[in-house]
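Trainee: There's a structure below that I have some questions on.
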Amino acid sequence: MSKWFENVDWLVMGQQTVNTLYMTGVAGIVTFVAGLLIGLLLYATNEELLFKNRTFYGILSFFVNIFRSIPFIILIILLFPVTKLVTGSIIGSTAAIPALIIGAAPFYGRMVELALREVDKGVIEAAESMGATKIQIIYKVLIPEALPAIVSGITVTLVALVGYTAMAGVVGGGGLGNLAFIDGFQRSQNDIIVVATLLILVIVFIIQIIGDVLVKKIDKR
Amino acid sequence: MIRLQDVGKIYRSKRGSVEAVVNVDLTIERGEIFGIIGYSGAGKSTLIRLLNMLEAPTSGSIQIDGVEMTTLRPKELRGVRKNVSMVFQHFNLLWSRTVEENIMFPLELGGYPKARRKERVAELIQLVGLDGREGAYPSQLSGGQKQRVGIARALASNPDVLLCDEATSALDPKTTDSILELLVDINKKLKLTIVLITHEMHVIQKISNRVAVMEAGKIVEQGPVAEVFRHPKQAMTKEFVKQLTSSAENELTFAKLRERYPTGKIVQLTFVGSTAESPILAEVMKDSTLLFNIIGGNVGQTQDGALGTLFIQLIGAEQETQAVIAKLQASDVEVEVDHR
């Protein structure tokens, strides 16, 4: 083992794995909440039955599209001033988190909007006919009925986030991406690249498996 | 109970406007089953959605139980909607909830005390005959069972009015009959006023007390079911009545018989109530020298008794044929002569 991976410092590898999980986890939780909110706002302001507001929808939709379109590696660099302001630094795992959220939340928000649009209009009409308020329609009908798609959306987003953390690593964030790039690529230590990649794959697989199991459990269609 | 006066609904869009409902006047009495029949696009779906204000009318007045619906504030409207429930063609159940949880849904909305919800749900499950399926998800149910859940859910808030939007149109004939029986049952047990829309005359015949026929947004004819069946005035109404009485096979037989007995007269006899259950034809023909061919017929049940139709061909002298027709008419049988 030590002969094959002579350059790998397993302690550092472990620390950077924790860093990747830390960035993905914190950014994932905030992205989930923010994306859900963005998705609900997008859906509700574009739906006659709820809070239709063409101007609000147009503006929000425009910003979502902008942030979704900027390549992530460029977005991080553009966000350096914001990152500095929020975290006090542009280096390290914590510093990567604001950019991760801003990159992922609009992406997830769109997925939530799509998930909500898939909810049968007839069910919403039925709730309305029973005297449900708009708020009740949102939390008693829309969210439960769209939940499988909301959960599979966060699975896809988390997998994308793992990828984003690796890109963040290249421009000063921590984690396995940083390790693979700085210690692996720049110092020509291929064994470090291989091990870091394998660990990232394991993380992605675990996220995907948990997501699939959850969706299967809640989808009663 | 329900009063519509000069109600109109116009959909406006960039491409022009569509008049879905035009000058509708309608009164529906407490406790009756009122059917509205029309082809798709006749405006009946819009009309029934006006009754609980899922659609707001463009003009006119809608009163339910003396409450003017068109001027209610959103909050008041939500209150009234608990009294005017709706059953849907495609059931519109929440697939994420079990049977029990679906029926509980309106109770949750109404802030019903938690402890009493279970009790109420158990009553409703019993009423619609879903015992043992409480924990099933809609995807595990048949169409008929889903509609039973839809009906139980609609009844949960103890409404006075039940609106059925093509409630049986997605079901097979046998299941349709069982759901119709359930509707008649709850109409009697709970003294519920039921308004239903459909494109099937069979549904109207089976459970309605009164019927309105819709065409191009207007109500072209309305009255007690037996009355409308006996004397359909409008072409549209005649067409719907025909759904029940004649089949393509009858038409074939007519053609053959006309060829064989060119002087014979094909007549359609309609019997309503007690006349459908007595041997009138035999009595009338007793002292006649006329011959007759029975082509086809059927007897169905309406809420006001039996309704029968019979197609026969009378063969013999013109004078005697006329006498027999007069006798039949005198015994309260509707006679329609086929003049082709």
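The values are calculated or read from the model by the stated rules, or taken from the named source; none is laboratory data. In this text, all values refer to a predicted model and were calculated from it rather than measured experimentally. Backbone-built Cβ (ideal geometry, glycine too); neighbour counts: all protein chains shown. Surface areas here come from the heavy atoms of the whole protein model, side chains and all, with no ligands, DNA or RNA. Shrake-Rupley method; radii C 1.70, N 1.55, O 1.52, S 1.80 Å.
Trainee: By the gyration tensor of its Cα atoms, with a ≥ b ≥ c the square roots of the eigenvalues, what is the shape of the range B:62-158: rounded for a/c under 1.5, prolate for a/b over b/c, or oblate?
Mentor: prolate
Trainee: Report the rotationally averaged projected area of the protein assembly as shown based on its alpha-carbon convex hull, in square nanometres.
Mentor: Dividing the Cα hull surface by four gives the mean projection, 37.3 nm².
Trainee: Also: Assuming a ≥ b ≥ c are the square roots of the Cα gyration tensor eigenvalues, decide whether the range B:1-143 counts as rounded (a/c under 1.5), prolate (otherwise, with a/b larger than b/c) or oblate.
Mentor: Judged from the Cα gyration tensor, the range B:1-143 comes out prolate (a/c at least 1.5, a/b above b/c).
Trainee: Additional query: Report, in order of residue number, the helices in chain A meeting two criteria: a C-alpha extent of 18 Å or more along the helix axis, and a mean Kyte-Doolittle hydropathy of at least -0.5; treat each whole DSSP H run as one helix.
Mentor: Result, helices passing both filters: A:10-44, A:54-69, A:93-117, A:143-170, A:190-218.
Trainee: Also, I was wondering about something else. Find, among the trypsin sites (Lys or Arg not before Pro) in the range B:164-259, those assigned to loop by DSSP (not H, G, I, E, B) with at most 11 other beta-carbon atoms within 10 angstrom.
Mentor: Counting only loop positions with at most 11 other Cβ atoms within 10 Å, the trypsin sites (Lys or Arg not before Pro) in the range B:164-259 are B:Lys191.
Trainee: In whole percent, and with a 1.4 Å probe on the protein chains, what portion of the accessible area of chain A is carbon and sulfur?
Mentor: Roughly 70 percent, rounded to a whole number.
Trainee: Buried accessible area between A and B (1.4 Å probe, both chains summed, ligands and nucleic acids excluded), in Å² to the nearest 100?
Mentor: Protein heavy atoms only, the A-B interface buries about 2000 Å².
Trainee: Within chain B, which whole H helices from DSSP have a Cα span along their axis of at least 20 Å and a mean Kyte-Doolittle hydropathy of 0.0 or more, if any?
Mentor: Flagged H segments: there are none.
Trainee: Toward the positive end of the charge dipole of the range B:30-148, about the Cα centre and with charges on Cβ (Lys, Arg +1; Asp, Glu -1), which of B:Ile64, B:Pro113, B:Ile33 goes farthest?
Mentor: Farthest towards the positive pole: B:Pro113.
Trainee: Enter the mean projected area of the convex hull around the alpha-carbon atoms of the range A:88-221, in nm², rounded to one decimal.
Mentor: 10.1 nm²
Trainee: So for the protein assembly as shown: antiparallel DSSP bridges make up what percent, rounded to the nearest 5?
Mentor: Just about 70 percent of them are antiparallel.
Trainee: Further question on the same structure: Can you show me the helix-derived [θ] at 222 nm for chain A, built from DSSP H runs with n ≥ 4 at -39,500 (n - 2.57) apiece and divided by the number of residues, rounded to the nearest 500.
Mentor: -24500 deg cm²/dmol
Trainee: Top to bottom by accessible area (1.4 Å), largest first, where do A:Ile143, A:Ile66 land?
Mentor: Result, largest first: A:Ile66, A:Ile143.
Trainee: Quick one: ranking A:Trp10, A:Trp4 by accessible area, 1.4 Å probe, largest first, what do you get?
Mentor: Most to least solvent-accessible, the answer reads A:Trp4, A:Trp10.
Trainee: For chain B, restrict the atom set to alpha-carbon positions and state the Rg and Dmax in Å.
Mentor: 23.6, 78
Trainee: Considering every residue in A:207-220, what mean count of other chain Cβ atoms within 10 Å of its Cβ is obtained?
Mentor: For this peptide, the per-residue mean of nearby foreign Cβ atoms is 1.
Trainee: OK, next. Set the bar at 27 Å for Cα to Cα. Now go through A:Lys220/B:Lys206; B:Lys44/B:Lys188; A:Lys121/B:Lys75; A:Lys121/B:Lys238; B:Lys44/B:Lys206 and name every pair that lies beyond it.
Mentor: In this structure, A:Lys220/B:Lys206; A:Lys121/B:Lys238 exceed 27 Å between Cα atoms.
Trainee: Next up: Taking square-rooted eigenvalues a ≥ b ≥ c of the alpha carbon gyration tensor, is the range B:255-313 rounded, prolate or oblate, where a/c under 1.5 means rounded and, failing that, a/b exceeding b/c means prolate?
Mentor: oblate
Trainee: Using a 10 Å cut-off around each Cβ of peptide B:87-95, what is the average number of partner chain Cβ atoms that fall inside?
Mentor: Average neighbour count from other chains, rounded to a whole number: 5.
Trainee: Dipole of the range B:209-305, Cα-centred, from +1 at each Lys and Arg C-beta and -1 at each Asp and Glu C-beta, to the nearest 20 debye?
Mentor: Once rounded to the nearest 20, the dipole reads 240 debye.
Trainee: What does the helix-only formula give at 222 nm for chain B: each DSSP H stretch with n ≥ 4 adding -39500 (n - 2.57), the total divided by the residues, and the result rounded to the nearest 500 deg cm²/dmol?
Mentor: -11500 deg cm²/dmol
Trainee: Identify the GluC sites (Glu not before Pro) of the range B:63-136 meeting these criteria: DSSP loop state and at most 16 other C-beta atoms within 10 Å of the C-beta.
Mentor: Here the GluC sites (Glu not before Pro) that fit, given the DSSP loop and packing criteria, are B:Glu134.
Trainee: Taking the mean number of other Cβ atoms within 10 Å as a proxy for protection, how do you rank B:285-291, A:92-98 from highest to lowest?
Mentor: Ranking, from highest mean packing down: A:92-98, B:285-291.
Trainee: Separate question: Using a 10 Å cut-off around each Cβ of peptide B:104-114, what is the average number of partner chain Cβ atoms that fall inside?
Mentor: So the per-residue partner count for this stretch is 3.
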